Amino acid sequence: MKNMLFVFLGSFFVIFAQGCASVGAVIDGGQEFVTNTVDVAVGTTSDVVTSVAEDAASITQTTLEVGAGVVQAVSDEIDSQTDELQKDSKEPQEKK
């Protein structure tokens, strides 16, 4: 009878130990799954935000370049027109 008790307790210990290992494996697997999912989600979000920021900076830079070009073109046109007006004002006027 004493041997039966030891066999029962030994079997219970082996079953319990395996159960704990299984639970530990499930917990570790779940933790790895969640951390990998979070890592991928954060990494992807970071990549998207970085790309959007680069695109916005590119658009802003292009807009500024076009805007600067327009301002320069307008400035050059105004300068040429004022030069023509200044030439006209330097010509001797006819006396009446």
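Since every read-out is calculated from the coordinates, none of them should be taken as a lab result. Since we're looking at a predicted model, the values are computed, not measured. Note that we place each Cβ from the backbone using ideal geometry, even for glycine, and neighbour counts take in every protein chain shown.
Structure data summary
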quantity	calculated
Label-zone membership for the stretch 39-58, site Leu64, 7 angstrom Cα→C-beta point, backbone N under 12 Å	57-58
Segment Ile78-Lys2, length gained on full extension (0.36 nm per residue, minus Cα span)	16.2 nm
